[in-house]
Amino acid sequence: EAGVVQSPRYKIIEKKQPVAFWCNPISGHNTLYWYRQNLGQGPELLIRYENEEAVDDSQLPKDRFSAERLKGVDSTLKIQPAELGDSAVYLCASSSSTVTGELFFGEGSRLTVL
Amino acid sequence: GDSVTQMEGPVTLSEEAFLTINCTYTATGYPSLFWYVQYPGEGLQLLLKATKADDKGSNKGFEATYRKETTSFHLEKGSVQVSDSAVYFCALLKRSQGNLIFGKGTKLSVKP
């Protein structure tokens, strides 16, 4: 069974440029998460989807970040415009249930903003 | 708010040494507790979990016991191997929130 797939693995951009990350969750997983992991820190939730509905986006900086999960399968996270402080690893995870706490993570997309 | 505090790393041990990584939490109610591990070049994966007080989670020789009286969930292994070198994250989940809250992670390096 394929795991959570993310792309790109690495991205280097100039500040003020846009960037997008893509995630394909494990087949059949209704819950999809985007986390941000700063250097030396643990992952912090940006947004959680149940199917195509964003049920928790309280930590998403909505002035520059947006996300979508059309058809309740794969998802895209966008930053526009990027700032220096956005340099981080963006993690996507999926789960078959929010109750178990068992999330399956992708390898992450490492963003460097110059 | 809810939070998780882990011991600072990095932790460097020799093969077959005993491992303890401390984790304490702050949360209202009765969260579930987890240890996730991130091996080099891989995504985070669940190592073990405990859902109520006094539960012991175990996997791959690692153990952790949910101690409500001390709000702790320390990770232990009796004899570490080089292959255990990774970053370990303690996390909590409150069912009402449906979201894992992670500690900062502890990097473990095991030398042969």
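The values are calculated or read from the model by the stated rules, or taken from the named source; none is laboratory data. Everything numeric here is computed off the predicted structure, so don't read it as measured data. Neighbour counts are summed over all protein chains in view; Cβ atoms, including those assigned to glycine, are modelled from backbone coordinates with ideal geometry. Calculation scope for accessible area: heavy atoms of the full protein, side chains included, ligands and nucleic acids excluded. Shrake-Rupley method; radii C 1.70, N 1.55, O 1.52, S 1.80 Å.
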- Task: Please give the number of the condition B:TYR66 fails out of (1) at negative phi; (2) touching a Lys or Arg at 6+ places or on another chain (Cβ under 7 Å); (3) surrounded by fewer than 19 Cβ atoms within 10 Å (Cβ to Cβ).
- Result: (3)
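Given the structure, is B:LYS60 among the basic types (Lys, Arg) and open to solvent by less than 30 Å² (accessible area, probe 1.4 Å)? Spell out how you get there, then give the answer.
Values: among the basic types (Lys, Arg): yes; open to solvent by less than 30 Å² (accessible area, probe 1.4 Å): no.
Judged against the criteria, B:LYS60 is not a match.
Suppose the filter is free of Cβ contacts under 8 Å to residues at least 12 places away in the same chain and not polar (S, T, N, Q); does B:LYS77 pass it? Break it down stepwise before answering.
Values: free of Cβ contacts under 8 Å to residues at least 12 places away in the same chain: no; not polar (S, T, N, Q): yes.
The answer is no for B:LYS77.
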- Item | Count - residues of the stretch B:33-89 that are more than 14 Å from every other protein chain (Cβ to nearest Cβ), charged (D, E, K, R) and not in a loop (DSSP other than H, G, I, E, B) | 6
- Task: Kindly indicate which of A:LEU60, A:LEU45, A:LEU39 is touching a residue at least 40 places away in the same chain (Cβ under 8 Å) and within 14 Å of chain B (Cβ to nearest Cβ).
- Result: A:LEU39
- Scan A:ILE12, A:ILE47 and give me the residue that is farther than 14 Å from A:GLY85 by Cβ and open to solvent by less than 30 Å² (accessible area, probe 1.4 Å). A:ILE47
- Task: Please verify whether the stretch A:41-58 includes one or more residues that are closer than 27 Å to B:GLN6 by Cβ and over 15 Å from the mean Cα position of the chain (by Cα).
- Result: yes
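Has the stretch A:74-86 got at least one residue that is part of a loop (DSSP other than H, G, I, E, B) and within 14 Å of another protein chain (Cβ to nearest Cβ)? If you could, list the steps in order and put the result at the bottom.
From the stretch A:74-86, those part of a loop (DSSP other than H, G, I, E, B) are A:74, A:80-83; that's our starting set.
So of that shortlist, the ones also within 14 Å of another protein chain (Cβ to nearest Cβ) come out as none.
For the stretch A:74-86, residues part of a loop (DSSP other than H, G, I, E, B) and within 14 Å of another protein chain (Cβ to nearest Cβ): absent.
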- With respect to the numbered conditions (1) open to solvent by 10 Å² or more (accessible area, probe 1.4 Å); (2) in contact with a strand residue (DSSP E or B) (Cβ under 8 Å, 6 or more places away or on another chain); (3) within 13 Å of chain B (Cβ to nearest Cβ), which one is the sole condition not fulfilled by A:THR112? (3)
